[in-house]
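J.: My questions all concern the structure below.
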Amino acid sequence: MSNSGRYRQRLNTLAANWRVLALRGLAALLFGLVVLFWPGLVLAVLALLFGIYAAIDGTITLMPALRASDQGVRRWLPLTEGAVGVIAGLVAIFWPGLTLNGLVYVIVGWAVATGTLKILSAILLRAEVENGWLLAGSGALSVLFGILLAVLAGSDVPFLAPLIGAFAVVVGLALIVFAFRLRERRR
């Protein structure tokens, strides 16, 4: 199968699973809103909320990839992105004595890895998707967010929580918009 045929097949898979992408966006949006509007958020709660969000997001990404018959790049990108999310979520939830810096670096690793994988997916689909910039943009935001968090790693929870929440809201909205654009393409 030609590269064009593979990309078209990957796009059709994405379009068929637009609800999954919208669900990922909704999960990010809800996580972000809870973090933004929870005054006095403490480290344990932030770690638990992030862990639940990352694990759910990773699982939502993994399921269609595991069911897909695709091989190669079209399958390993979502498989890797999903695995990164699940692992980061489980680490945030189950690592006893996780410090704020430890949690920040888990989020940094997750943000940079998943952002890079979203950018790669957008590049592979660039010829097929009119609004692929939304996926690439959410990936770029993730990478930039990860870098910003790494720089601010010594800060406290009341400073970092709104930043984390705002990031999740923006990425969630971008994923929801991209999902509905894919749905329109499918019609």
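J.: How large are Rg and Dmax for the range 14-186 when only the alpha carbon atoms are used, in Å?
T.: 15.5, 47
J.: Using a basic spin-label model with each label point 7 Å from the Cα along Cα→Cβ, how many nm lie between Phe159 and Ser69?
T.: So the two model labels end up 5.4 nm from each other.
J.: Also, I was wondering about something else. With the dipole of the range 14-186 worked out from charges on the C-beta (+1 for Lys and Arg, -1 for Asp and Glu) around the Cα centre, which of Leu148, Gly137, Val112 lies farthest toward the positive end?
T.: Gly137
J.: Right, another one. Subtracting the Cα-Cα distance from 0.36 nm times the residue separation, let me have the gained length for Val151 to Leu43 in nm, one decimal.
T.: Contour length minus the Cα-Cα distance gives 37.0 nm.
J.: Which of the GluC sites (Glu not before Pro) across the range 103-187 are loop residues per DSSP, with 15 or fewer other Cβ within 10 Å?
T.: Glu130
J.: Given the Cα-Cα distance of Arg183 and Arg126 and 0.36 nm per residue of separation, how much length would full extension add, in nm?
T.: So the extension gain works out to 18.8 nm.
Laboratory data are not the source of any read-out in this text; all were calculated from the coordinates shown. Everything quoted here is computed from the prediction, not taken from an experiment. All Cβ positions, glycine included, derive from the backbone under ideal geometry; neighbour counts span all protein chains shown.
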